[in-house]
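First up is the structure itself, then whatever we jot down about it.
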Amino acid sequence: MSQSYNRGLIEDFGRWKEFSAGMWAWIFHKFTGWMLIGYLFTHIAVLSSAIAAADGQTMMVAGESVDAYTGTIQGLEGLFIVRVLEVGLLAVAVFHILNGLRLLMVDLGIGLEAQDKSFYASLILTGVITVASVPTFLTGVGL
Amino acid sequence: MSTQQQEPETDAEPEPESQETPTDQEMSGLSSPQQKRLQRKHEGAAERERAAAEDDLEGDTVHLKVFRFDPEVEGKQEPRFDDFHVPFERGMTVLDAVIYARDEFDSSLTFRHSCRQAICGSDAFFVNGRQRLGCKTQISELDQPVRVEPLPHQEVVKDLVVDMDHFYDQMHSVEPYFQQEDLPDGELEEQRQTRENREKVKMSTRCIWCGACMSSCNIAAGDNDYLGPAAINKAYRFAMDEREDEEIKEHRLRIVEQEHGVWRCQTQFSCTEVCPKDIPLTEHIQELKREAVKKNLKFW
């Protein structure tokens with residue numbers, strides 16, 4: 001045994017088709033967690049326009065003069081891509097919440113035999129809630 | 001003739017009943033997972049039989065693709081897959097197939113095996129993208145070609161043989177042996193365990209050290225210091241044993257609650273999925289997490 005062959009990590013993500021429910025739940029939970037952290041930064045950036053508004057800065061939105069905060073929000077909400085991103089944010093947040101509840105049950109040792117089913121359930125529920133939210137998020141915005 | 005045949009039957013009939021009643025009583029006291037497992041086992045057996053009858057692979061050959069690598073031979077240092085066409089027999093396992101390939105085709109094909117009945121834990125392979133025991137996996141259940149590879153995340157020594165040293169080190173680091181200073185009085189007195197306590201640790205005692213769980217664990221792959229599911233399960237087996245003193249249990253919890261202990265587990269359930277002995281590894285790790293928290297909350 002003078003040397004041995006180390007295959008490294010190749011076999012891991014190359015075989016994503018064979019991942020089980022628990023593995024997918026873990027990957028999605030990590031992914032959505034990072035997405036939510038990323039959103040927090042953009043959230044802070046948008047809300048910080050309230051500082052400018054407090055200083056009395058104004059901007060023009062649709063021919064009207066409004067304060068900087070309202071203007072920023074209205075300007076962003078007027079964009080179609082922002083509305084789509086909001087739907088995505090909702091989907092990410094809902095999955096993270098539902099899977100978080102699932103992980104809470106796993107931590108408490110409740111229903112570990114059904115952990116794969118609860119993952120599928122949280123996926124389906126996320127899908128349903130996301131689809132149901134689309135009319136609310138996409139009203140009053142043109143392409 | 002017929003009376004002679006009937007007599008032993010009537011004789012035999014009450015016997016199994018009387019044998020079964022105590023086990024039945026014991027069974028009803030068992031946790032339902034055991035019954036579920038048995039039911040699943042029966043269903044699986046029935047399905048296998050059906051599959052075997054339908055497929056009727058008999059007379060057919062099995063196409064094996066076996067991972068080959070030998071650092072000591074010039075032409076084999078580059079890993080490759082060898083094809084073997086092994087005649088199928090009913091009830092053939094993956095281990096039977098590779099044994100046939102070695103005996104009949106290529107005697108240099110190297111793999112560990114011993115008992116052939118899922119007790120010794122030597123022949124865990126990576127078969128068709130999953131850690132399985134070669135001797136416990138029916139060829140008829142697998143899609144062909146059957147890819148047989150050494151366990152992932154362990155260094156390959158030769159062909160299907162992987163270096164198990166690290167796995168054994170982790171197993172030993174949780175002190176996998178009974179530690180009890182105070183022995184009961186009386187020379188012939190035994191250290192008795194309650195039935196309930198035995199039931200609690202029963203599944204964890206089934207570990208055969210095959211290393212399939214450790215190999216499947218994504219965290220163990222990335223963190224070499226992580227104890228791994230098998231070692232934590234071993235720690236569970238002794239930490240939950242009520243015959244050991246409270247101080248020893250605390251000592252055991254101190255081992256598993258370290259940075260690379262139970263808290264590395266991210267509940268992916270990979271180990272539980274692949275365990276050939278159906279040990280609920282994730283459940284045991286989670287229970288040790290709760291025990292560790294409870295121990296640390298007790299500040300008085």
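A few comments on the model shown:
- Hz values of 3J(HN,Hα) by residue in the range B:149-158 - Karplus curve (6.51, -1.76, 1.60), Gly and Pro given as x: 10, x, 4, x, 6, 10, 6, 7, 8, 6
- At a Cβ-Cβ separation cutoff of 4.7 angstrom, cysteine residues of chain B with no neighbouring cysteine are B:Cys135, B:Cys207, B:Cys210, B:Cys217, B:Cys265, B:Cys275.
- Charge tally for B:Val174 (other residues, Cβ to Cβ under 10 Å; Lys, Arg +1; Asp, Glu -1): +2.
- Selection from A:Gln115, A:Ala52, A:Val87, by position along the positive dipole direction of the range A:20-138 (Cβ): A:Gln115
- Among the helices of chain B, those built from whole DSSP H runs whose Cα atoms reach 18 Å or more along their own axis and whose mean Kyte-Doolittle hydropathy is at least -1.0 are B:281-297.
- Contour minus Cα-Cα distance for B:Glu47 and B:His85 (0.36 nm per residue): 11.1 nm
- Ratio Rg/Rh [Cα only; Rh per Kirkwood] for the range B:162-300: 0.98
- Chain A: DSSP helices with Cα axial extent of at least 20 Å and average Kyte-Doolittle hydropathy no lower than 0.5: A:21-47, A:80-108, A:115-138
- Debye equation applied to the C-alpha atoms of the range A:20-138, log10 I(q)/I(0) at 0.11, 0.22 Å⁻¹: -0.51, -1.18
- Across peptide A:22-30, the mean count of Cβ atoms from other chains lying within 10 Å of each residue's own Cβ comes to 4.
- Computed over the range B:89-163: relative contact order in percent, which uses C-alpha pairs under 8 Å that are six or more apart: 31 percent
- Inter-part distance where the range B:108-181 and the range A:66-136 are each reduced to a Cα centre, Å: 41 Å
- The sum of -39500 (n - 2.57) across all DSSP H runs of n ≥ 4, divided by the residue count of chain A, sets its helix-only mean residue ellipticity at 222 nm to -23500 deg cm²/dmol.
- For chain A, relative contact order (Cα pairs under 8 Å, six or more residues apart, normalised by length) works out to 26 percent.
- Kirkwood analysis of the protein assembly as shown, using all unique Cα-Cα pairs, places the hydrodynamic radius at 26.6 Å.
- Amide H within-cut-off set for B:Val157, under 5 Å, with H built and near neighbours excluded: B:Val162, B:Asp163
- Taking a straight Cα-Cα cut-off under 18 Å and skipping sequence neighbours fewer than 8 places away in the same chain, the lysines within cross-link reach of B:Lys158 are B:Lys65, B:Lys76.
- Per-residue [θ]222 nm for chain B (sum of -39500 (n - 2.57) over DSSP H runs n ≥ 4, rounded to 500): -13000 deg cm²/dmol
- If you sort the three axes of the alpha carbon gyration tensor as a ≥ b ≥ c, you get a/c of 1.5 or more for the range B:179-235 and a/b above b/c, which makes it prolate.
- Counting Cβ atoms of other protein chains within 10 Å of each residue's Cβ and taking the mean over peptide B:273-280 gives 1.
- Here chain A is treated with +1 on each Lys and Arg Cβ and -1 on each Asp and Glu Cβ, and its dipole about the Cα centre works out to around 440 debye.
- Inter-chain Cβ neighbour count for B:264-270, averaged per residue, equals 6 (cutoff 10 Å, partner chain atoms only).
- Taking every alpha-carbon pair in chain B and binning the separations at 20 Å intervals from zero gives 27, 49, 22, 2 percent.
- Listed by chain and number, the lysines whose C-alpha is less than 16 Å from the C-alpha of A:Lys30, apart from same-chain residues fewer than 8 away, amount to an empty set.
- Both numbers refer to the Cα atoms of the range B:61-161; Rg and Dmax are 12.6, 38 Å.
- Total charge dipole magnitude, the protein assembly as shown, about the Cα centre, Cβ charges on Lys, Arg, Asp, Glu only, Debye to nearest 20: 1740 debye
- Counting 0.36 nm for each residue step from B:Asp165 to B:Lys76 and taking away their Cα separation leaves a gain of 29.7 nm.
Laboratory data are not the source of any read-out in this text; all were calculated from the coordinates shown. Everything quoted here is computed from the prediction, not taken from an experiment. Positions of Cβ are backbone-derived with ideal geometry, glycine not excepted, and every protein chain shown enters the neighbour counts.
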